[in-house]
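What follows is a set of notes on a single structure, which appears directly below.
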Amino acid sequence: MGSQAQKIVATEGKKNVGALTSGKKRKTVTVVCCISATGTYVPPTFVFPRVKMKQSLMDHSPAGAVGTSTKSGWINKESFDFWFDHFLKFVRPKDSPQPVLLVFDGHSSHTQNLNVVLKARENNVSLICLLSHCSHRLQPLDVVFFKSLNAHYDDECRKWLREHPGQKIMEERIPGIFCYGKSATVATAVNGFKKTGIAPLDRGVFTDSDFLAADMTDQPLEESEPCTSQHQQVVDDNAGGPAVTLPLVEPEETSTACTRNDVTVENPCASTQGDPTYSNNISQSAQVICYV
């Protein structure tokens, strides 16, 4: 696992400029972060790509951080359940007079996790799932925190590579260079919730111009054609005489079945999204906490 070079100082006019990075063969380490509207940060949870967790991986981790493992390093139901227990221990929502609101995206490890739902009900936690394709505007972590965290992590990776020439950044090094404290400031958390309009609640944070892209799909449904059928006609050619019934000539094969357009409405919160990726192979998974 390594960093990506961003800015390099070189001679003007030089086309090819080299940079010191870690090995190309990388592993994915997921970091689960959680913040509140008051500026409180839940210590992060590291998910390492291992069959069995090795506690020595957490020797140089941030204070209060915990670690678990999955075969791929991606978050899954079991690892999110592990994080939720860590969340309950740190936040202690049962001691709150009001429900604790936990906001997260629609990843399958969140929305299809019955254990988490049951634990939330038992521990005074209300769960709310964001709609699809809006976390970049509604998740405070995406809007403010992860950008700062990514920049500081890149700096730490380059610094470590300069101090350890010829070595790779292995997974056991990640917690030590994961500069969580540099980005986890009260002002960053408060500003993230303010920009998304979550806390304080601001319904006017988004204007009509933010929804212009949806106009392309905002089209009325076409109306179905009315059903038609063939009937016999009754003709009276003789005034005062008997009526003559003349059957219509039916086409050989004419279908009179009605058709209609069915619209399927899917629940975006229950959709299974692909495994989340994050630059430098740090994936962000579960995500915004607002407890009031």
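The values are calculated or read from the model by the stated rules, or taken from the named source; none is laboratory data. Fair warning: this is a prediction, and the values are worked out from it, not measured in the lab. We place every Cβ from the backbone using ideal geometry, glycine too, and count neighbours over all the protein chains shown.
Out of segment 188-208, which residues are loosely packed, with under 15 Cβ neighbours inside 10 Å and among the small types (Gly, Ala, Ser)? Walk me through how you get there before you give the answer.
First pass over segment 188-208, keeping only residues loosely packed, with under 15 Cβ neighbours inside 10 Å: 200-208.
Within segment 188-208, just Gly204 meets the criteria.
Please indicate, with yes or no, whether at least one residue in segment 99-117 is assigned to a helix (DSSP H, G or I) and more than 21 Å from the chain's Cα centre (by Cα).
The initial filter retains those residues of segment 99-117 that are assigned to a helix (DSSP H, G or I), namely 108-111, 114-117.
Then drop every residue that is not more than 21 Å from the chain's Cα centre (by Cα), which leaves none.
Checking segment 99-117: not a single residue is assigned to a helix (DSSP H, G or I) and more than 21 Å from the chain's Cα centre (by Cα).
Please go through segment 140-157 and pick out each residue that is among the aliphatic types (A, V, I, L, M) and under 23 Å from Cys129 (Cβ atoms). Before you say what the answer is, go through the steps one by one.
At the first step, the residues of segment 140-157 found to be among the aliphatic types (A, V, I, L, M) are 141, 143-144, 149, 151.
Result: Leu141, Val143, Val144.
Could you please give the count of residues in segment 1-49 that are modelled with pLDDT of 70 or more, under 27 Å from the mean Cα position of the chain (by Cα) and either not in a loop (DSSP other than H, G, I, E, B) or not β-branched (Val, Ile, Thr) (or both)?
Looking only at that region, the number is 21.
Pairs please, first residue from segment 58-81 and of a type in the set (Lys, Arg), second anywhere and part of a loop (DSSP other than H, G, I, E, B), Cβ atoms under 8 Å, 6+ apart in sequence or on different chains.
Once the first residue is of a type in the set (Lys, Arg) and sits in segment 58-81, its partners that are part of a loop (DSSP other than H, G, I, E, B) give Lys71/Arg50; Lys71/Val51; Lys77/Gln112; Lys77/Asn113.
Go through segment 122-141 and give me each residue that's in a strand (DSSP E or B), free of Cβ contacts under 8 Å to residues at least 60 places away in the same chain and touching a helix residue (DSSP H, G or I) at 6+ places or on another chain (Cβ under 8 Å).
Restricting attention to segment 122-141, the residues satisfying the condition of being in a strand (DSSP E or B) are 125-129.
Imposing the further condition that a residue be free of Cβ contacts under 8 Å to residues at least 60 places away in the same chain reduces the set to 125-128.
Passing the criteria: Val125, Ser126, Leu127.
Kindly indicate whether any position in segment 160-168 is over 24 Å from Gly73 (Cα atoms), touching a residue at least 12 places away in the same chain (Cβ under 8 Å) and touching a helix residue (DSSP H, G or I) at 6+ places or on another chain (Cβ under 6 Å).
no
Just one of Gly166, Gly181 is part of a helix (DSSP H, G or I) and at pLDDT below 90; which is it?
Values: Gly166 fails: part of a helix (DSSP H, G or I).
Matching residue, one of Gly166, Gly181: Gly181.
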